[in-house]
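Read-outs: derived from the displayed coordinates by stated rules, not from any lab. Not measured: the values here are computed from a predicted model.
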Amino acid sequence: MTTGAQTPPHLDTRPRRSRLRTFLPLGLAAWLVLEIWLLTVVAGAAGGFTVFLLLLAGFLLGSVVIKRAGRRAFRNLNEALQRGTPPSSGGGSGLMMLGGLLLMIPGLVSDALGLLLLLPPVQKAVGRYAERTVDRTLRAAGPGSLGDAFQQARMHRPDGKVVQGEVIRRDEREESRQDRRPPLTQ
């Protein structure tokens, strides 16, 4: 029997949806509608064959950009491994690949965003913004989260070098082996 009384907030077992999970589907739907509307407007003004050629050119340009950015990233990685140093992150290959992917996605808005990401000043600005956002998110992360795992995985020595390792206690390991194995004689 329902009384019409509201359920107290501490008894509500469903977790709250994050803003991203709430607005991402709406944003994708709006983007899709905008892309289709813009394609129909341009097709009405310039013709369907022109729109087809624009989409084909965007796809081909995007595949060339992704191929060149991937080669550049692989070459930088090989050179860094030969020198014995960590690879440099200043190449912008990830943002170039994202720009190429946006060019390959059919649509004029995604093509414009992809072309913007190919410009070096825009790459630098987006890269700095992404780095600050990730750094802020990792700093604000609570214990037991992904950010905490990154902090725990690195142990710094006084000289600044990072030592990676795992601590295994012998007594716990031997006890767990004895508990799992059946006796050899019966």
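Karplus-based coupling profile of the range 77-85, in residue order and whole Hz: 5, 4, 5, 5, 5, 5, 7, x, 10, with θ = phi - 60° in 6.51 cos²θ - 1.76 cosθ + 1.60 and x standing for Gly or Pro.
Couplings 3J(HN,Hα) of the range 93-99, computed from phi: 5, x, 6, 5, 5, 5, x Hz, in residue order, whole Hz [Karplus 6.51 cos²θ - 1.76 cosθ + 1.60, θ = phi - 60°; x for Gly and Pro]. Working note: Karplus 6.51/-1.76/1.60 with θ = phi - 60° gives the range 66-71 the couplings 5, 5, 5, 5, x, 4 Hz, where Gly and Pro are set to x.
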